[in-house]
Amino acid sequence: SPLVFLQETLTGKYGEEAKLIYELQDQGGELLALRYDLTVPFARYLAMNKITNMKRYHVAKVYRRDNPATTRGRYREFYQCDFDIAGQFDPMIPDAECLKIMHEILSDLQLGDFLIKVNDRRILNGVFAVCGIPESKFVTTCSTVDKLDKIPWQDVKNEMVEEKGLSHEAADRIGEYVQLHGGLDLIERLLQDPKLSQNKLAKEGLGDMKLLFEYLTLFGITGKISFDLSLARGLDYYTGVIFEAVLLQQENDHVEEPVSVGSVAGGGRYDGLVGMFDPKGRNVPCVGVSIGIERIFSILEQRVKASGEKVRATETQVLVATPQKNLLAARLKLISELWDAGIKAEMFYKKDPKLLKQLQYCEDTGIPLAAIVGEQELTDGIVKLRDVATREEVRM
């Protein structure tokens with residue numbers, strides 16, 4: 001998947017988020033853009049190569065013309081790690097696997113307490129329909145609802161009424177639904193809701209959501225998952241289930257400001273995207289998850305800083321050191337043997353470095369061993385191996 005696309009490939013796929021696409025000026029008659037995510041390029045790849053079944057992961061850089069906030073891991077150039085399942089399968093089985101992977105990654109990284117919010121675009125659209133919103137306003141209403149995790153309901157309502165042109169009554173009716181969250185019990189309750197149960201889309205979405213929660217129960221991960229009607233995800237291409245992972249435990253005694261990075265992963269089902277690139281409009285159902293690597297790094301870095309623990313700055317296993325002058329040849333010979341044996345070794349790029357400096361470097365960077373060859377060692381045909389932490393030495 002290339003880094004640079006024709007603008008027409010990316011436009012019309014992201015909705016209101018499209019304003020963040022980096023567009024390049026006319027380059028020899030072509031209007032180009034930098035890729036915004038890895039999902040649209042993946043859909044294009046499937047369509048171009050007529051692939052109807054694929055399971056893959058992809059780690060690569062993407063670009064957004066956003067306001068950077070480096071303390072929160074928000075950049076204009078950053079890495080995403082995507083995992084996607086494309087193909088025609090029975091409902092909610094691949095979707096459940098994506099959530100399982102998300103849960104596994106966030107648990108293994110030990111980032112603290114997290115919550116994965118789950119919703120479905122069909123349920124949201126059903127809610128909008130029964131609240132009397134015209135279909136032409138579904139997408140823009142969706143992007144307003146998506147702000148509920150950042151601003152209070154009153155501000156969201158004001159935006160709906162003043163900017164999106166909805167009536168106060170319709171906005172209040174939406175508010176009754178989008179502030180709900182829970183688990184299977186909430187799904188059951190909404191399935192009985194007199195208005196929602198009459199809406200075909202909402203009924204379909206709730207039926208699938210019930211199925212999803214049954215599979216997640218079998219995976220044993222429902223403790224970290226919440227069915228949350230405020231989750232909307234701003235992108236246009238989602239067609240079914242959507243999900244987003246947020247970190248909860250962001251307070252820290254040692255840090256003046258709490259670490260707040262918001263969402264660290266998200267994704268959902270996009271069944272209509274491949275068809276946009278296929279000349280005959282053939283669709284391939286897809287579901288995927290995307291993890292923001294920099295956001296996770298910013299949390300891990302702040303955690304390490306707060307704990308005061310030392311992190312190894314290098315993978316080097318041994319530093320080849322000499323205690324006297326004129327022993328560069330001995331160092332080069334020994335390091336060559338270590339490299340040939342597949343051992344990660346390094347040495348000072350100076351002809352006559354001081355031994356104390358070499359050992360201090362090992363301590364600073366966390367190199368565990370120093371292989372010392374002096375004149376006496378060369379005469380005896382040995383090497384002194386020093387454990388940097390304990391200062392114990394072994395002749396070999």
Next item on the list: Tell me, please, whether a residue that is open to solvent by less than 30 Å² (accessible area, probe 1.4 Å), touching a helix residue (DSSP H, G or I) at 6+ places or on another chain (Cβ under 8 Å), without any contact (Cβ under 8 Å) to a residue 60 or more places away in the chain and over 16 Å from Arg386 (Cα atoms) can be found in segment 360-371.
Entry: no
Checklist line | Any chance Ala69 is open to solvent by less than 90 Å² (accessible area, probe 1.4 Å), within 19 Å of Leu273 (Cα to Cα), in the same structural domain as Ile296 (by the TED database) and not β-branched (Val, Ile, Thr) | finding: no
Checklist line | Ser307, sole failed condition from (1) small (Gly, Ala, Ser); (2) closer than 30 Å to Asp113 by Cα; (3) in contact with a Lys or Arg (Cβ under 8 Å, 6 or more places away or on another chain) | finding: (3)
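Quick grid of which residues meet (1) part of a strand (DSSP E or B); (2) open to solvent by less than 40 Å² (accessible area, probe 1.4 Å); (3) under 30 Å from Phe297 (Cα atoms); (4) at pLDDT 95 or above:
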position: Ala47; (1), (2), (3), (4): no, yes, no, yes
position: Lys55; (1), (2), (3), (4): yes, no, yes, yes
position: Ala96; (1), (2), (3), (4): no, yes, yes, yes
position: Met102; (1), (2), (3), (4): no, yes, yes, yes
Next item on the list: Taking only segment 72-86 into account, find how many residues are open to solvent by less than 60 Å² (accessible area, probe 1.4 Å) and within 17 Å of the chain's Cα centre (by Cα).
Entry: 8
Next item on the list: Would you be able to tell me the number of residues in segment 1-24 that are in a helix (DSSP H, G or I), open to solvent by less than 80 Å² (accessible area, probe 1.4 Å) and either over 20 Å from Glu77 (Cα atoms) or in contact with a Lys or Arg (Cβ under 9 Å, 6 or more places away or on another chain) (or both)?
Entry: 5
Next item on the list: Considering each residue of segment 166-216, count those that are open to solvent by 50 Å² or more (accessible area, probe 1.4 Å) and not in a helix (DSSP H, G or I), and give that number.
Entry: 6
Check: Within segment 236-246, can one find any residue that is at pLDDT below 95, farther than 20 Å from Thr141 by Cα and surrounded by fewer than 23 Cβ atoms within 10 Å (Cβ to Cβ)?
Finding: yes
Next item on the list: Could you tell me whether Glu159 is without any contact (Cβ under 8 Å) to a residue 24 or more places away in the chain, more than 25 Å from the chain's Cα centre (by Cα), under 22 Å from Leu235 (Cβ atoms) and surrounded by fewer than 21 Cβ atoms within 10 Å (Cβ to Cβ)?
Entry: yes
Notebook entry, point to check: Which of the following residues is assigned by the TED database to the domain that holds His103 and at pLDDT 95 or above: Asp271, Asp278, Asp253?
Noted result: Asp271
Next item on the list: Starting from segment 1-19, take each residue that is at positive phi and list its partners that are of a type in the set (Asp, Glu) and not in a helix (DSSP H, G or I), counting only C-beta distances under 7 angstrom and pairs at least six apart or across chains.
Entry: Gly15/Asp236
Margin query: When you check Phe83 against the structure, is it in a strand (DSSP E or B), at pLDDT below 95 and in contact with a helix residue (DSSP H, G or I) (Cβ under 8 Å, 6 or more places away or on another chain), yes or no?
Written below: no
Next item on the list: Could you run through segment 25-45 and say how many residues are in a strand (DSSP E or B) and surrounded by fewer than 13 Cβ atoms within 10 Å (Cβ to Cβ)?
Entry: 4
Next item on the list: From the list Val62, Val40, pick out the single residue that is assigned by the TED database to the domain that holds Cys98, without any contact (Cβ under 8 Å) to a residue 40 or more places away in the chain and β-branched (Val, Ile, Thr).
Entry: Val62
Check: Picking from Phe78, Phe83, which residue would you name as being in the same structural domain as Asp120 (by the TED database) and touching a Phe, Trp or Tyr at 6+ places or on another chain (Cβ under 6 Å)?
Finding: Phe83
Margin query: For segment 131-141, check the following and say yes or no: at least one residue is assigned by the TED database to the domain that holds Gln179, surrounded by 15 or more Cβ atoms within 10 Å (Cβ to Cβ), within 19 Å of the chain's Cα centre (by Cα) and not hydroxyl-bearing (Ser, Thr, Tyr).
Written below: no
Next item on the list: Answer yes or no as to whether Leu328 is farther than 30 Å from Tyr75 by Cβ and in contact with a strand residue (DSSP E or B) (Cβ under 9 Å, 6 or more places away or on another chain).
Entry: no
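The values are calculated or read from the model by the stated rules, or taken from the named source; none is laboratory data. Being a predicted model, the structure only gives us computed values, none of them experimental. We place every Cβ from the backbone using ideal geometry, glycine too, and count neighbours over all the protein chains shown. Just so you know, the surface numbers come from the protein's heavy atoms only, side chains and all, with ligands and any DNA or RNA stripped out. Shrake-Rupley method; radii C 1.70, N 1.55, O 1.52, S 1.80 Å.
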